[in-house]
Ligand SMILES: [Zn+2]
């Protein structure tokens, strides 16, 4: 089943089409709660305690009460919104901003738009939302797929003694459909070994698909893994790489432009995989006519993504600027 085929949401009914509709949908906190409730329990509220479905009573804050057994369920429990002290409406605006801007948002921009006092909050929200941008068990690419690697990264300034992503390797897989770019998958790989690159291909491309690569020896053996393998040895041809695999190079250059533009090159190694997820999320939905559709998908996946604590986001990284800076370690 194609990625977005199941239960296709209806524009203007299941999600707002533009900012005017956004404000109509989410006039107040109550509107946001009802929206999340409908999104979380599409078949009607299901009580985990007694297993019965039915319209719940609405208690204080985000508590839902089962009409049968009176057990309480919190609307945001087990989602990325769990425990938030900010109104859902502000979260919704953040999701809107992140999904409707062509190039997404950075923390400073988001802080300004939402009027948040803390840069760290904006930064943390973006990271939480990025973690909701990958759908577990999503489809593999199929048909004809180009695979290559690219070096991305920029210096992380102002954080002494931290690892920077000067040269991170990103493996790129691009579906080619009638000579146009279909869906993509990206992965930060530690090296160019056969193990790294072949497991990437095996994870993101359907067996039986045709995989086009350059002549790098690490790709030898894809045929034995069940792929049709077309290796183009660039050194023997007179075409520069971008002519041989234009699609993958197009994606690589868009990715770099985005990392340098929106994110101003400030991407730490630990967080790079999530930035790649964000890029993929937006790229694979670039043809969605309604930008609100991306908002819908993000809201939907935010409910399926468990809570993420600030500590997890700061783990091993120096980002967030207002992290406790004493002790230097
Ligand atoms: Zn119940």
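A few points about this structure:
- Residues considered: 271, 229. Of these, the only one that is touching a helix residue (DSSP H, G or I) at 6+ places or on another chain (Cβ under 6 Å) and at pLDDT 75 or above is 229.
- Identity of the residue in region 45-72, part of a loop (DSSP other than H, G, I, E, B) and either away from the ligand (no atom under 14 Å from the Cβ) or within 30 Å of residue 120 (Cβ to Cβ) (or both), that ends up nearest to the chain's Cα centre (by Cα): 62
- Cβ separations smaller than 9 Å between residues 6+ apart or across chains give the following pairs from region 47-75 residues that are in contact (Cβ under 8 Å) with a residue 40 or more places away in the chain and at negative phi to residues that are more than 13 Å from the ligand (Cβ to nearest atom) and assigned to a loop (DSSP other than H, G, I, E, B): 75/61; 75/62; 75/81.
- Residue in region 296-308 that is surrounded by fewer than 19 Cβ atoms within 10 Å (Cβ to Cβ), at pLDDT 85 or above, part of a helix (DSSP H, G or I) and over 18 Å from the mean Cα position of the chain (by Cα) present: no
- Some residue of region 73-89 being in a helix (DSSP H, G or I), away from the ligand (no atom under 16 Å from the Cβ) and more than 30 Å from residue 251 (Cβ to Cβ): yes
The values are calculated or read from the model by the stated rules, or taken from the named source; none is laboratory data. Keep in mind that this is a model prediction, so the values were computed, not measured. We place every Cβ from the backbone using ideal geometry, glycine too, and count neighbours over all the protein chains shown.
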